[in-house]
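Structure first, commentary second.
Nothing in this text is a laboratory measurement; each read-out follows from the coordinates by a stated rule. As the structure is a prediction and not an experimental result, all values here were calculated from the model. When we count neighbours, we look across all protein chains shown, and the Cβ atoms used for this are built from the backbone with ideal geometry, even at glycine.
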Amino acid sequence: MKTTGWLVVGAVVIIIGIYALTSGGNEVTISTPAESRSSPAPRPLESHMRINGIKCTLSEATGRVTNNSKMTVNLFIEAQFLDSSGVVVDDSNASVRGLRPGETGEWDAPYLGSRSYSNCRAQVTSAFEH
């Protein structure tokens with residue numbers, strides 16, 4: 001009797017799953033209170049940072065980062081070193097502390113790998129209020 005009950009439950013779950021997949025749409029609607037829909041979600045602090053002027057040398061990646069937020073921040077940057085095919089061969093980190101709103105700071109991330117690379121890129125991986 002117990003086995004039959006579990007078989008029925010399993011069959012119902014399978015039928016519901018098949019119906020959901022074949023019922024004509026992939027959309028899922030989630031309702032939220034009107035007040036939460038009216039204001040946009042806050043952007044993460046990292047999205048207010050802009051990296052520019054990236055340069056690659058034999059021993060490091062360097063660049064500048066501008067704080068476009070309204071608060072003084074500490075931030076971490078990850079630099080990636082890429083071979084001629086665009087494959088990451090190594091990465092490194094840099095930090096900038098006490099960057100005021102509107103201020104641009106310089107950073108450098110040392111290359112400690114042994115493989116040669118032809119390009120580099122960087123991104124702010126975390127930023128938080130100073």
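Summarised in one figure, the compactness ratio Rg/Rh of the range 42-130, Cα atoms and Kirkwood Rh, is 1.01. Ranked by how many other Cβ atoms sit within 10 Å of their own Cβ, fewest first, the residues Arg50, Arg64 fall in the order Arg50, Arg64. Computed over the range 91-130, the percent of Cα pairs more than 13 Å apart is 63.
The charge dipole of the range 45-129, taken about its Cα centre with unit charges on the Cβ of Lys, Arg, Asp and Glu (plus for the first two, minus for the last two), comes to roughly 240 debye.
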